[in-house]
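Visitor: Have a look at the structure that comes next, please.
A short reminder: the numbers here are calculations on the coordinates, not readings from a lab. The shown structure was predicted, so the numbers you read here are calculated from the model rather than taken from an experiment. When we count neighbours, we look across all protein chains shown, and the Cβ atoms used for this are built from the backbone with ideal geometry, even at glycine.
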Amino acid sequence: MSRVRSWMRHDSMSVVFAILAMLLLVFILAPVVKTVFSSSPGTLWDTLRDESVYSSVLLTVLAGLLATLIGIVVGVPLAYLLARRQFRGKRFLEALIDVPIVIPHSAAGIALLFVFGRQFLLGKLFGHVGITFVDTLAGVVIAMMFVSVPFLIDSSKDAFKAVDVRMEKVARTLGASPWQTFFRVSLPLAWRGIFSGSVMMWARAMSEFGAVLILAYYVPFLGDRATVAPILVADRFTAFGLDAALPVASLVILISLVIFVALRYIALRGDKQ
Amino acid sequence: MVVADQSLLPMLMYGNKVPDSTDEYANWYIRFATNRLGLAYTSQSKYAAEIGSANWYEVLSRPDVKVGISDPRIDSCGYRAFMACQLAEDYYSDNTILERVMGDFSPPITVSDNLGSHVIAVPETVKPKKVIMRGYSVQLLGLLESGDLDYSFEYESVAKQHGLGFVELPAEIDLSSRDFADRYGQVTVKMDFQRFASIDPEFRGEPIQYALTIPTNAPHTNAALQFVEFLLGADGQRVFLESYQPTLDLPEADNPANMPARLQSLLEQ
């Protein structure tokens, strides 16, 4: 008797939860699906062959990848330190790392300009080696990196934490150096978390609008000028309206979907092993 | 609806019907203020000490000077910057100024000359190779302040409101004076949109005149009327002058007969 009642309670909860979940799914899927299918395959193909569109898509993908690679080089060591070492101010540092996620991204762009602008500290420093950040690829990359690197750090940190610290200690007692232990024990065991963090970072980087807009509009790219896809979509919408922006929006959503479904598949396949 | 270029209202609102109605979006407007186009700069701008209304285009042509413009497709300050450079060519008898100041664009922005008048054709994408562009001119101010821009084409009121330096251009160029209306009219900026827009807007050079109207489908017409009365009245005019925005001595109406009666009596005073 009591078993049945508890099962029924559980069931009514399932029903309510399922309804709520369905509402959310419709909310997420309806705009995406409608946008993707609003343009015929022919229109999408023509859109992709539009020179400003494909150079924009290419710029977005490459700049996002570059930001992610730099993020891996500097972010994974930080994540390892956060996962393994105890030090004063660690909690504060962890909160600080997530700041780029919570601040408005136009504010992030302004903050970056305030440091990487031609008259400011880092801007002057990089200026000496000929790197400037306004309307350049470097500007796109730092804007993307700033807003997306927390995803990589957080995910990598969790991945390192999940690695049994005794494995590392065993490696050390067997004579492995700290470097060997990191590269041959910790990193291989944590790679999946780092990989999915990288995918998240790349995705977030490619979708960045506000911070990029402030630093870099049209940048030199492949002998011409290009802007990132989110800005191109907004630009078409502002200058020409919904009909002109829609095919570009559909294409960008479609490309993002294909890339990230493929990458998640790789990460999940690793999961089963 | 308040715009920085009076020609926009008849172009986009007259004759265009509100959906499911026989009304046009507007059938009258009032010109009420003007402005002056020039260059905003800061004390850190390169050659700030030597730039003036006689050598500005020389300074802007230097390779180490970063010049900002706003998008000529969507911002009046943007297409007016092109007008000013073209007018400068006539004024200084130097037909390289536009190209030297603005540099190349991809695809190119072309100028065709016909019996002393000039038509500047802006394609549907504007990708500058020399100048730094943002959608609207006010978006360039931050870059000026961060030192990443040396000069940007800007209205006098905006530059002064932000405490920036302002290089005045000769009145023959700066689109401020009715005395030079004929001269300004020699230059037209034409939007050459191949694919997207049903109309290709065309802007003929003329003295800058800000204009306002109340759309026929405005949800709060009475509040709008009150606002217009305030704006054209003594208090509103004082706000404009305190903000460095020159007003017209006498606001003028286009199609005054279509205006609400309250505004007709206001303009007659």
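Visitor: Just how many % of Cα pairs in the stretch A:139-273 lie over 22 Å apart, if you round to the nearest whole percent? Intermediate values should be presented prior to the final figure.
Guide: Numbers: 4905 of 9045 pairs.
Roughly 54 percent, rounded to a whole number.
Visitor: Once phi is turned into ³J(HN,Hα) by the Karplus curve 6.51 cos²θ - 1.76 cosθ + 1.60 with θ = phi - 60°, what whole-Hz value does each residue of the stretch A:209-222 show in order, with x for glycine and proline?
Guide: In residue order, the calculated couplings are 10, x, 5, 5, 4, 6, 7, 9, 9, 9, 10, x, 7, 6 Hz.
Visitor: Mind listing the long-range amide H neighbours of B:LEU248? Cut-off is under 5 Å, sequence gap 5 or more, other chains count too, H placed in the peptide plane at 1.01 Å from N.
Guide: Those lying under 5 Å, H to H, from B:LEU248 are B:ALA33, B:THR34.
Visitor: Taking amide hydrogens as modeled 1.01 Å from N in the peptide plane, which residues meet the under 5 Å criterion relative to B:ASP5, leaving out close sequence neighbours?
Guide: For B:ASP5, whose amide H was placed from the backbone, the distant partners under 5 Å are B:ALA211.
Visitor: Under 19 Å Cα-Cα from B:LYS190, which lysines qualify once same-chain neighbours fewer than 8 residues away are excluded?
Guide: Reachable lysines: B:LYS127.
Visitor: When only alpha-carbon atoms are used, what values of Rg and Dmax, in angstrom, describe the stretch B:1-88?
Guide: For the stretch B:1-88, the Cα radius of gyration and maximum Cα-Cα distance read 18.5, 59 Å.
Visitor: Once phi is turned into θ = phi - 60°, what whole-Hz ³J(HN,Hα) does the Karplus curve with 6.51, -1.76 and 1.60 give for every residue of the stretch A:15-27, x standing for Gly and Pro?
Guide: Couplings: 4, 4, 4, 5, 5, 4, 5, 4, 4, 5, 4, 4, 4 Hz.
Visitor: Based on Cβ point charges of +1 for Lys and Arg and -1 for Asp and Glu, what charge dipole magnitude is obtained for chain B about its Cα centre, in debye rounded to the nearest 20?
Guide: Roughly 480 debye for chain B.
Visitor: Same structure again: With θ taken as phi - 60° and the coefficients 6.51, -1.76 and 1.60, list the Karplus ³J(HN,Hα) couplings across the stretch A:139-156 in order, rounded to whole Hz; mark glycine and proline as x.
Guide: These are the phi-based 3J(HN,Hα) values: x, 4, 5, 5, 4, 5, 5, 4, 7, 10, 5, x, 4, 5, 5, 4, 5, 5 Hz.
Visitor: Now, a different point. Based on alpha-carbon atoms only, what is the radius of gyration of chain B relative to the globular estimate 2.2 N^0.38 Å?
Guide: The reported ratio for this selection is 1.04.
Visitor: Which of B:LEU98, B:LEU12, B:LEU37 moves most in a GNM of chain B, Cα contacts under 10 Å?
Guide: With Cα springs under 10 Å in chain B, the top fluctuation among B:LEU98, B:LEU12, B:LEU37 is at B:LEU12.
Visitor: Pop a pseudo-label 7 angstrom from the Cα along the beta-carbon direction at both A:TRP179 and A:LEU62 and give the gap in nm to one decimal.
Guide: Taking the two extended label points, one gets 3.3 nm.
Visitor: Something else: Starting from the alpha-carbon convex hull of chain A, give the projected area averaged over all orientations, in nm².
Guide: Averaged projected area of chain A's Cα convex hull equals 21.6 nm².
Visitor: Sticking with this structure for a sec: Across the stretch B:139-192, how large is the tail of the calculated P(r) beyond 17 Å, expressed as a percent of all Cα pairs?
Guide: For the stretch B:139-192, the fraction of Cα-Cα distances above 17 Å is 51 percent.
Visitor: Provide the descending list of Cα extents for the protein assembly as shown along its principal axes, expressed in whole angstroms.
Guide: Dimensions of the protein assembly as shown along the principal axes of its Cα atoms: 91, 68, 49 Å.
Visitor: Which cross-chain or sequence-distant (5 or more) residues have an amide H under 5 Å from the amide H of B:LYS66, H modelled 1.01 Å from N in plane?
Guide: Under 5 Å from the amide H of B:LYS66: B:ASP150, B:TYR151.
Visitor: Shifting gears a bit: How large is the dipole of chain A about the Cα centre if only Lys and Arg carry +1 and Asp and Glu carry -1, each at its Cβ, rounded to the nearest 20 debye?
Guide: 1460
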